[in-house]
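Only one structure is covered here, and it is reproduced in the block below.
The values are calculated or read from the model by the stated rules, or taken from the named source; none is laboratory data. All values reported here derive from a predicted model rather than from experimental measurement. Note that we place each Cβ from the backbone using ideal geometry, even for glycine, and neighbour counts take in every protein chain shown. The accessibility values were calculated without ligands, DNA or RNA, using every heavy atom of the protein model including side chains. Shrake-Rupley method; radii C 1.70, N 1.55, O 1.52, S 1.80 Å.
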Amino acid sequence: MNSLSERLHDVWHDLPEGVRLVAVSKFHPAEQVMEAYEAGQRIFGENHAQELAAKAAMLPDDIEWHFIGHLQTNKVRMIASYVSLVHSVDSLRLLREINKQAQKNERILRCLLQLHVAQEETKFGFTPEEMLQMLAEGEWKSLENIRLCGIMCMATNTDDTAQIHREFKLAHETFLKAKERFFADDDMFCEQSMGMSDDYPIAISEGATLVRIGTRIFGPRNY
Ligand SMILES: *Cc1c(COP(=O)(O)O)cnc(C)c1O
């Protein structure tokens, strides 16, 4: 079996210019994060607040920690000083809480809005219409300690690649609409976080700028 570093290099090799890797280290120990770090990886993704905070406290300061899972409002304060990008903002209420905790930490927190484009009911996020509506209502503009930087989505877990293409395309089109209507002059609204171990090549073909890959790098997780 290939080493972690070889698998990491294989993934890097697949990424065109302009697409960055979020190495999803959830459920893997800090030693494995260090191994990837020593190979040169700097962006890591976690989906539990406690785990992100614990790893961030013990690992090098130049790691960029991204939060990628469903975030409960009462957990925001645990990660507010550590996280550099929250991928999974799925309500205005959560955005308000992130703003509040960012303010307490005297920083600006970058956020992506999670879009629900998959068939599965369990996946969180705004529908495209809900997201555009929320942006149109404009309250987000008054939240001075958050910065909206783009969208995130997950596709349905299926072998039907045409369906996966359709879902990422819908997310991409929604990103473009939001960009045109609300962020035309804002260069920071530029990220499309789409694609995981099994579907990242499709996501890249549909416009991904960030891919979130765990299993392909770290192996299976023991939940
Ligand atoms: C776990 C997770 C990933 C990584 O999934 P893999 O299939 O292991 O690559 C990506 N995105 C989110 C939101 C996740 O929770």
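A compact table of results
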| read-out | value |
| --- | --- |
| A54 being within 16 Å of the ligand (Cβ to nearest atom) and either aromatic (F, W, Y) or out of contact with any strand residue (DSSP E or B) (no Cβ under 6 Å at 6 or more places or on another chain) (or both) | no |
| Subset of segment 11-37 [open to solvent by 70 Å² or more (accessible area, probe 1.4 Å), part of a helix (DSSP H, G or I) and without any contact (Cβ under 8 Å) to a residue 40 or more places away in the chain] | W12, H13, E31, E35 |
| Test for L135: is it modelled with pLDDT of 95 or more, of a type outside the set (G, A, S), touching a Phe, Trp or Tyr at 6+ places or on another chain (Cβ under 7 Å) and closer than 22 Å to G214 by Cβ | no |
| All positions within segment 205-223 that are more than 9 Å from the ligand (Cβ to nearest atom) and either hydroxyl-bearing (S, T, Y) or under 20 Å from V86 (Cα atoms) (or both) | S205, G207, A208, T209, L210, Y223 |
| Scope segment 97-119; condition touching a strand residue (DSSP E or B) at 6+ places or on another chain (Cβ under 9 Å) and either within 17 Å of H70 (Cβ to Cβ) or open to solvent by less than 10 Å² (accessible area, probe 1.4 Å) (or both); matching residues | I98, Q101, A102, L109, C111, L112, L113, Q114, L115, H116, V117, A118 |
